[in-house]
Amino acid sequence: MLRYTLKRLWLGIIIVSLAMMMLFAMIYLIPGDPASVALGPRATPAMVEALRARMGLDQPIWMQFMHFYGSALRGDLGTEVLSGRPVLTVVMEQLPFTLALIGGGISWSVLLGVPLGCIAAVKRGGFVDRVVGVLSVAVIAVPSFVVAIYSLLIFAVALEWLPAIGAGEPGNLTSQLDHLILPSLAVGIGWVGYIARMVRASMLETLEASHIRTARAFGLTDRRITYSYALRIAILPTVTVLGIGIGQMLSSSVFAEIVFARPGIGKLVYEAISVRNYPIVTGALLVTTILFVFINVLADVVIGVLDPRVRSSFN
């Protein structure tokens, strides 16, 4: 297991390194001079050149990349253009809000999707199975920003059940959870359908396995067979999909944070792009890339723990 984990970590490091190269190239190719945008139209050419020198934009591109790569390895993501604060500090202040939003979205998708998939598999071909199938396709087809807007209008404005904007009072867990319900629903509702369909398909295949038939022959109840034996194997593809789905949830969090006026990485990047604040954009994207790769490595390790065949085949 240790060898399998180390291999997954090494592969994750390689992916992060390649992502850093692509990220730097994309930021470099974006039109516009960040120094001119930061100083405004009234800045003199001398002021612009001084800021370009301070940001390292007057150096050759290969020197800029080496400086960017070396600084990132030391945990230095540069300085924010407008306030002069360290980029890593600004990003880490917003990261907990985005992590809470994604965690809430995963909770919605798992708590609703897994039971629905199990029920649909057990009731295969029946009315419940057809209803779950229709609901799964429906929630997959609806964009996250549409869910965000309509949930805001219905539950916050019309019914006044939940707060509309913000992230809650600092230090007040109840207030923060109340403010998290609607945004996390908007982020995670689409993945309820994906997980329900995947669990159903995997569960149907698992229920036909020989060890499940043996368990039935020993007289075990269908409930115990489904949730104690079949679900452990059927859940493996879902763990992989959830790891990949983190990237989709990160993109969906941008709309949720803007619609619900929540702080977070998505809103930070959106505001930074509008003013060409490249250090913030680069730092935030790099942190989210590392987060995405780490979560996928963690998902692979969990699968290796649940299914020894995976780590043995990888070796």
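Tabulated results
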{"item": "Solvent-accessible surface ranking, highest first, for Thr289, Thr221, Thr226 at 1.4 angstrom", "result": "Thr221, Thr289, Thr226"}
{"item": "Where the chain is the region considered: accessible area per residue in Å², 1.4 Å probe", "result": "55"}
{"item": "Choice from Gly84, Gly166, Gly104 with maximal GNM fluctuation in the chain (Cα, 10 Å cutoff)", "result": "Gly84"}
{"item": "Fraction of accessible area attributable to carbon and sulfur, the range 55-141 (%, probe 1.4 Å)", "result": "71"}
{"item": "Length-normalised contact order of the range 149-238 in % [C-alpha pairs under 8 Å, at least 6 apart]", "result": "21"}
{"item": "Heavy atoms of Asp300: accessible area, 1.4 Å probe, square angstrom to 10", "result": "30"}
{"item": "Global geometry of the chain, whether rounded, prolate or oblate, following the gyration tensor of its Cα atoms and the 1.5 cut on a/c", "result": "oblate"}
{"item": "Solvent-accessible surface ranking, highest first, for Ile235, Ile140 at 1.4 angstrom", "result": "Ile140, Ile235"}
{"item": "Using alpha-carbon coordinates, inclination of helix 127-141 to the longest axis of the chain, degrees", "result": "10"}
{"item": "Solvent accessible area, Å² - Ser210, 1.4 Å probe, full protein context", "result": "80"}
{"item": "Residue among Ala230, Asn296, Leu73 farthest towards the positive dipole end of the chain, charges placed on Cβ", "result": "Ala230"}
{"item": "Mean separation of Cα contacts under 8 Å (6+ apart) over length of the range 222-294, as relative contact order %", "result": "21"}
{"item": "Solvent exposure, largest accessible area first (probe 1.4 Å, DNA, RNA and ligands not counted), of Phe260, Phe127, Phe155", "result": "Phe127, Phe155, Phe260"}
{"item": "Crossing angle, helix 278-306 versus the chain [Cα axis fit, 0-90 degrees, rounded to tens]", "result": "20"}
{"item": "Residues Leu177 and Arg3, FRET efficiency given R0 of 35 Å [Cβ-Cβ distance, rounded to 0.05]", "result": "0.30"}
{"item": "Folded to 0 to 90 degrees: helix 87-122 orientation relative to the chain principal axis, Cα", "result": "20"}
{"item": "Cα shape, the range 225-293, gyration tensor, a/c 1.5 rule", "result": "prolate"}
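The values are calculated or read from the model by the stated rules, or taken from the named source; none is laboratory data. All figures in this text were calculated on a predicted structure; none of them were measured in a lab. Don't worry about glycine lacking a Cβ; one is built from the backbone with ideal geometry, like all the others, and counts go over all protein chains shown. These accessible areas exclude ligands, DNA and RNA; they are computed on the full protein's heavy atoms, side chains included. Shrake-Rupley method; radii C 1.70, N 1.55, O 1.52, S 1.80 Å.
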